[in-house]
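Okay, so here's the structure we're looking at.
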Amino acid sequence: MPEARLHAAQHLRFTFECLLTTNPTPRTLLRLGTIALQVLPEGVVLQEGPAEARAEHPLWADRWMRVTLSIDDHAIRLMIDQESKTTMLTLPVTRNWRATSINLGGDDDEITVNACWARPVLTLDNIDVAVWHFPPGPPVAKLSPVRGDWPPLAIHNLPTFAMASMRWDGTIHDPRLDPTQYDAIHCHDDDMAGLDWPVTHHIQSPEDAEAGIYAAEITTVQGIERIPFFLRAKARSAPLVFLVPTLTYLAYADENLPQALFPWLCHDRGNRFAQDNGLLSLYDRHSDGSGVSLTTTRRPKATLRDDHLYPLSGSPHLLPVDLQLLRFCRNEGIAFDLVTDHDLHQEGRTALVGYRGVFTGSHPEYWTTPMQDALRHFIDSGGSLAYLGGNGFMWVTAVRADLVEVRRGQGLGARTWDGHPGEINLSLTGEIGGLWRERGRSEFSVVGTGMTMMGFGPARPYRRRMASDAADYFWVFEGVTENRFGLAGTVLGGAAGYEVDRTDPALGTHPETVVLAAATGFDESYATDPNEFFATPQDRARARVAEMVIRRTPQGGLIFGAGSVAWCGALPSGGEVTSVGQITANVLRRMA
């Protein structure tokens with residue numbers, strides 16, 4: 001037994017590599033039985049029972065160090081080597097000392113240290129009984145030693161794997177090429193793995209239930225909550241299929257949005273719940289300032305509701321807007337099946353076989369490689385795509401079981417977070433993360449447009465371009481009498497807003513892409529990407545536009561892009577007839 005071997009050893013040594021990030025309060029770096037090593041803002045404390053030894057100088061943050069704790073019959077010795085600085089502390093061994101377990105980074109009842117860790121080694125009586133190397137691959141909860149016969153190391157709370165260690169020298173940027181440079185993990189005091197809550201209820205859907213988005217309604221004395229779920233048809237029953245952006249839902253779910261950084265225009269109980277319970281989205285930062293790159297389906301999704309209002313815009317976002325689209329389709333008699341991002345990722349091109357057209361929701365932003373492959377194959381095989389949103393097809397995403405991962409690049413600014421140099425590869429798959437346009441598969445090359453601006457000011461209407469009267473695409477505007485349309489909507493009050501797209505041949509827009517309509521006149525809250533190059537101020541000004549596009553592929557399919565996250569929010573409800581509704585119905589019916 002490990003406890004017996006620890007107790008019987010005459011000499012014990014435990015070493016590890018560590019890089020501290022931000023730890024404003026005392027944290028336990030290591031606990032070995034009755035011995036504890038604490039890091040304080042002002043120094044280091046070695047404790048054994050009531051006895052302690054202190055070093056009154058702080059350890060450097062963001063600098064790797066090697067820590068060695070040795071215990072024999074005479075003394076407890078601590079040595080911390082950090083570049084040119086060495087810290088040494090000694091305590092006498094007491095008769096009560098016992099080493100029954102080893103805890104690195106904090107006990108269950110303590111705040112975890114914000115730090116990167118690598119290469120823990122346990123030595124008993126001069127024999128390395130356990131040498132652990134953290135893998136650069138997917139996160140694991142149990143890690144067997146690469147050398148030695150010690151039981152597996154238990155890893156709690158889903159830290160980030162495939163992080164650059166002290167061996168990283170900047171010459172390798174892919175962990176698969178040299179795993180030894182990426183054998184570190186990053187632990188945060190606000191990490192949260194999937195919750196192992198027991199199953200309490202099962203829902204049996206009726207045999208004849210239509211494909212769609214449903215909800216389990218839970219009523220308590222405090223109110224009503226509707227928990228959404230997505231139901232596919234048992235067999236293909238319609239020519240069109242709606243792609244539910246479950247990866248985008250998960251990326252935004254439980255966004256913390258600290259008010260000190262982001263002014264709220266409205267209050268939403270889901271975002272409040274996230275703050276009250278320490279939940280984080282893929283847009284948030286950990287308490288040490290590093291970005292949140294992992295999320296899981298096995299956590300509450302308090303913002304994934306049909307009545308969610310996004311605090312930064314004061315309007316619906318994601319699910320409620322997509323429901324507006326599906327209700328519109330039901331009212332118009334436009335039949336559709338449904339697949340989720342997860343279905344498309346798992347099944348690939350098979351998920352789309354037999355359909356004539358795919359249509360998206362308002363914000364299909366996150367895509368895995370299998371999803372990209374499947375959609376591009378579908379289009380190349382003659383299938384049609386109606387992209388009824390904005391800022392889509394943007395982020396390289398990885399999925400494994402319940403986990404979803406995104407790694408950001410550099411220079412993204414305060415809206416999201418910057419990744420560290422050398423750490424852009426996804427731990428779940430090993431592939432390069434970041435933007436799809438940086439991988440040579442830009443959103444422009446899929447639909448002809450890509451995000452050009454984001455803002456929370458008033459949405460703008462579209463105005464038809466001359467090409468909309470051409471014979472090839474006049475049918476898009478059949479029944480539309482207005483030259484200017486989309487002046488109202490649930491998202492910022494119009495059809496073009498929140499995040500909008502434009503064409504750009506330099507970024508991949510096909511030469512045969514036709515701009516049917518455009519929205520201009522956005523206020524100064526809408527900002528173009530500061531990292532995007534524009535040769536002149538006039539070129540940047542011309543990029544302040546939302547463009548609606550269409551293209552017929554050589555295989556006979558259609559690709560339509562609305563050009564705005566707010567588009568579906570401008571669809572009518574009930575029996576109303578509007579230009580946005582007429583255009584959407586015309587496109588979907590032509591695809592079908």
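The values are calculated or read from the model by the stated rules, or taken from the named source; none is laboratory data. Keep in mind that this is a model prediction, so the values were computed, not measured. Here the Cβ is made from the backbone with ideal geometry for all residues, glycine too, and neighbour counts use every protein chain on show. Remember, those area values only see protein heavy atoms, side chains included, never the ligands or the DNA or RNA. Shrake-Rupley method; radii C 1.70, N 1.55, O 1.52, S 1.80 Å.
Comparing Thr160, Pro2, His345 along the charge dipole axis of the chain, the residue lying farthest to the positive side is His345, per the Cβ-charge model. Using C-alpha pairs below 8 Å separated by at least 6 residues, the relative contact order for segment 143-192 is 37 percent. All other residues whose Cβ lies under 11 angstrom from that of Tyr252 are scored, Lys and Arg at +1 and Asp and Glu at -1, for a net of -3.
Across the chain, C-alpha contacts under 8 Å between residues 6 or more apart give a mean separation that, scaled by the residue count, equals a relative contact order of 11 percent. Relative to the longest principal axis of the Cα atoms of the chain, the long axis of helix 319-332 makes an angle of roughly 30 degrees. Charge dipole (Cα centre; +1 on Lys/Arg Cβ, -1 on Asp/Glu Cβ; no other charges) of the chain amounts to roughly 1020 debye. Can you give the local net charge around Glu56? Use residues other than it whose beta-carbon is closer than 15 angstrom to its beta-carbon, Lys and Arg +1, Asp and Glu -1. Around Glu56, the charge tally is 0. When the helices of the chain are scored as -39500 (n - 2.57) per DSSP H run of n ≥ 4 and the total is divided over every residue, the value at 222 nm lands at -3500 deg cm²/dmol. In segment 480-563, Cα pairs under 8 Å separated by at least six residues give a relative contact order of 30 percent. Counting only protein heavy atoms and a 1.4 Å probe, segment 99-173 has 45 square angstrom of accessible area per residue. Here Ile424 sits with roughly 40 square angstrom of accessible surface, probe radius 1.4 Å.
Taking the Cα centre of segment 361-423 as origin, sum charge times position over the Cβ atoms of Lys and Arg (+1) and Asp and Glu (-1), and report the length of that vector in debye to the nearest 20.
100
The chymotrypsin sites (Phe, Trp or Tyr not before Pro) of segment 486-534 that meet both conditions, a loop assignment by DSSP and at most 10 other Cβ atoms within 10 Å of the site Cβ, are Phe533.
Can you give the longest run of the chain that contains no trypsin sites (Lys or Arg not before Pro) sitting in a DSSP loop with at most 14 other Cβ atoms inside 10 Å? No qualifying site falls inside 416-592, the longest such stretch. Ligands, DNA and RNA aside, Tyr355 has an accessible area near 30 Å² when probed at 1.4 Å.
Placing R0 at 22 angstrom, the Cβ-Cβ distance between Thr86 and Val146 gives a FRET efficiency of 0.20 after rounding to 0.05.
With R₀ set to 51 Å, the beta-carbon distance separating His11 from Arg400 gives a calculated FRET efficiency near 0.80. Against the chain, whose longest principal axis comes from its Cα atoms, helix 369-380 is set at around 20 degrees. Summing charges over neighbours of Ala36, with a neighbour being any other residue whose Cβ is under 12 Å away from its Cβ, gives -2 when K and R count +1 and D and E count -1.
The GluC sites (Glu not before Pro) of segment 377-464 include none that meets both criteria, a DSSP state outside H, G, I, E and B (loop) and at most 12 other C-beta atoms within 10 angstrom of the site's C-beta.
Between 0 and 90 degrees, the angle of helix 579-591 with respect to the longest Cα principal axis of the chain falls at about 90 degrees. According to the Cα-based calculation, Rg over Rh for segment 233-281 is 1.24, with Rh computed by the Kirkwood formula. Straight-line reach from Lys142: taking Cα to Cα under 28 Å and skipping same-chain neighbours fewer than 8 places apart, the lysines in range are Lys301.
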